[in-house]
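Asker: Below: one structure in structure tokens.
The values are calculated or read from the model by the stated rules, or taken from the named source; none is laboratory data. Because the structure is predicted, anything quoted here is derived from the model rather than measured. Neighbour counts run over all protein chains shown; Cβ positions are idealised from the backbone, glycine included.
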Amino acid sequence: MDCSPLSASSKAVAIEILVHGAQSRTRLANRMGLSAATLTRLVRPLLEAGVLVESDAVRTPGRGRSSLPLDVVPDRYRFIGVKLTTESIYAVVTDLRAKILEREVVAIRSLRVPDVVAAVSAIVDVFQSHSDLPVDAVGVTVGGQVEAGEIVADSPFLNWHAVPFRALLREELGTPVHLDNDVVGLTQAQHWFGYGKGYENFALLTVGAGIGYGLVVNNTVVPTLVSPISHYPVDPAGPLCPLGHRGCMTAYLASDSIISAVSVGHGRLIGYDEVLEMAKADDPIASRVVSEAARALGRTASAISSLTGVELIILSGEGVHLAEVAQSSVEQGLIEYDVPRGPNSECVVRPMTFFEWARGAAAIAIQAEFPG
């Protein structure tokens, strides 16, 4: 984005308007605890740079003069978000407020790094051909450990290790590229534009092929590590995970663990969706496995509530439908170790498609680039 260097305080004003919408100067000053003179000083460079605009006059109550609310112009910007999975590339085009304008899913034919770079580049080219507006930035998220926003240090799903993916893709595209873990991206999107908007403190817990954990405290995303939550001990008498941990989150909740337990019990390979359907139909093996997994999910959410005191816990991920199938088991896990007057986080189930994860990748790019 073309704008002069901005102070941290001016950037905070721009972000407040981006996240919470058009606001009068009076309301904005009150929300941010600023004097009218200070706000005027902070807003001036934002208006001069075109980061903010004065929108149509809105009549204020009483006899006061009309005020011109400050706002961003979301349609001026284009961001592309890309979520990489082992089987597909999910990609979206968004405006500045992460509203999805276009979406595309393309099968991954090869997990070789040059092939994935070429495939992502091809998707960006297609999106770019549909609009006269240039792409401001591309965000990419992967399952696994990302170092310094530059390197995919370890992605067991893609079988990548120490891959400088951001630099490779940026060289191919000639466009700003931002790289991060997929749960970080999803958390950022929920923080600014989604279910966590308006909450100063919330957590995101995702289940599926892997287990993910995002945390926002005092409106700031707190760095969290994937492995500790993936192997958080739920029950010392539980099943083993591939690393030999007994009764951890992965052993109970990873989709492969659930598929394996039910498939062994029935002597045939059974897919994840079929497992859930069988549990709904009261199949004894599937019902037991899904109920135990849901109870483990509730126990972990309860632990997060106790340790962080967040207002909200969002349960999501491609495998979270088990929480709907076995809702009573989730609730049992939530209250199993409850104490009077203990922390009481609201816990909600919010299924999200991989396009929402791609939107999270776009949010990574938006937060990195805006307001400049």
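Asker: List the strands (runs of 3 or more DSSP E) that sit entirely inside the range 200-316 and contain at least 2 residues that are surrounded by 15 or more Cβ atoms within 10 Å (Cβ to Cβ).
Answerer: Details: elements: 202-207, 211-217, 220-222, 312-316.
It comes to 202-207, 211-217, 312-316.
Asker: Looking only at residues in the range 28-51 that are without any contact (Cβ under 8 Å) to a residue 40 or more places away in the chain and surrounded by 15 or more Cβ atoms within 10 Å (Cβ to Cβ), which one is farthest from Pro74 (Cα to Cα)? Break it down into steps so the answer makes sense when it comes.
Answerer: Initially, the range 28-51 is screened for residues without any contact (Cβ under 8 Å) to a residue 40 or more places away in the chain, giving 29-44, 47.
Within this subset, residues satisfying the condition of being surrounded by 15 or more Cβ atoms within 10 Å (Cβ to Cβ) are 29, 32, 34, 39, 42-43.
Working: Ala29: 22, Met32: 22, Leu34: 25, Leu39: 22, Leu42: 21, Val43: 18 Å.
For the range 28-51, the residue satisfying everything is Leu34.
Asker: Of everything in the range 316-352, what is aliphatic (A, V, I, L, M) and under 25 Å from Asp283 (Cα atoms)? Give them in sequence order.
Answerer: Pass one, the range 316-352, residues aliphatic (A, V, I, L, M): 320, 322-323, 325-326, 330, 334-335, 339, 348-349, 352.
Within the range 316-352, Val320, Leu322, Ala323, Val325, Ala326, Val330, Leu334, Val349 qualify.
Asker: When you scan the range 79-93, how many residues do you find that are in contact with a helix residue (DSSP H, G or I) (Cβ under 7 Å, 6 or more places away or on another chain) and surrounded by fewer than 23 Cβ atoms within 10 Å (Cβ to Cβ)?
Answerer: Adding up the residues that qualify gives 2.
Asker: Shifting gears a bit: Only one of Ser9, Ser4 is modelled with pLDDT under 95 and not β-branched (Val, Ile, Thr). Can you tell me which?
Answerer: Details: Ser9 fails: modelled with pLDDT under 95.
On inspection, the qualifying residue turns out to be Ser4.
Asker: Continuing with the same structure: Among (1) over 24 Å from Ala368 (Cα atoms); (2) at pLDDT 95 or above; (3) in contact with a Leu (Cβ under 9 Å, 6 or more places away or on another chain); (4) surrounded by 15 or more Cβ atoms within 10 Å (Cβ to Cβ), where does Pro114 come up short?
Answerer: Unmet for Pro114, out of (1) over 24 Å from Ala368 (Cα atoms); (2) at pLDDT 95 or above; (3) in contact with a Leu (Cβ under 9 Å, 6 or more places away or on another chain); (4) surrounded by 15 or more Cβ atoms within 10 Å (Cβ to Cβ): (4).
Asker: Looking at Phe157, Phe165 in this structure, which one is assigned by TED's automatic domain parsing to the domain that holds Ala118, in contact with a strand residue (DSSP E or B) (Cβ under 6 Å, 6 or more places away or on another chain) and crowded, with 16+ Cβ neighbours inside 10 Å?
Answerer: Working: Phe157 fails: in contact with a strand residue (DSSP E or B) (Cβ under 6 Å, 6 or more places away or on another chain).
Unique residue meeting the criteria: Phe165.
Asker: Here is a further query. Could you check, for the range 120-142, whether at least one of its residues is closer than 29 Å to Pro233 by Cα, in contact with a strand residue (DSSP E or B) (Cβ under 8 Å, 6 or more places away or on another chain) and either of a type outside the set (A, V, I, L, M) or part of a helix (DSSP H, G or I) (or both)?
Answerer: yes
Asker: Can you tell me which residue among Ser316, Ser302 is more than 24 Å from Lys83 (Cβ to Cβ) and either over 19 Å from the mean Cα position of the chain (by Cα) or not assigned by TED's automatic domain parsing to the domain that holds Leu52 (or both)?
Answerer: Numbers: Ser316 fails: more than 24 Å from Lys83 (Cβ to Cβ).
Answer to the check: Ser302.
Asker: Given (1) of a type in the set (Ser, Thr, Tyr); (2) within 22 Å of Ala251 (Cβ to Cβ); (3) in contact with a Ser or Thr (Cβ under 9 Å, 6 or more places away or on another chain), identify the lone condition not met by Thr300.
Answerer: It fails just one condition, (3).
Asker: Just name the residue that is surrounded by the fewest Cβ atoms within 10 Å (Cβ to Cβ) out of those in the range 317-371 that are touching a strand residue (DSSP E or B) at 6+ places or on another chain (Cβ under 8 Å) and basic (Lys, Arg).
Answerer: Arg350
Asker: Give the residues of the range 143-154 that are in contact with a strand residue (DSSP E or B) (Cβ under 8 Å, 6 or more places away or on another chain) and not in a strand (DSSP E or B), sorted by residue number. Can you show your working first?
Answerer: So in the range 143-154, the residues in contact with a strand residue (DSSP E or B) (Cβ under 8 Å, 6 or more places away or on another chain) come out as 143-147, 149-154.
Gly143, Gly144, Gly149, Glu150, listed by residue number.
Asker: Another question about this same structure. Among the residues in the range 94-109, are any at pLDDT 95 or above, within 16 Å of Asp180 (Cα to Cα) and buried (at least 16 other Cβ atoms within 10 Å of the Cβ)?
Answerer: no
Asker: While we're looking at this one, here's another question. Return yes when Asp132 is charged (D, E, K, R), assigned by TED's automatic domain parsing to the domain that holds Leu101, over 17 Å from Ala209 (Cβ atoms) and in contact (Cβ under 8 Å) with a residue 12 or more places away in the chain and no when it is not.
Answerer: So Asp132 does not fit the description; no.
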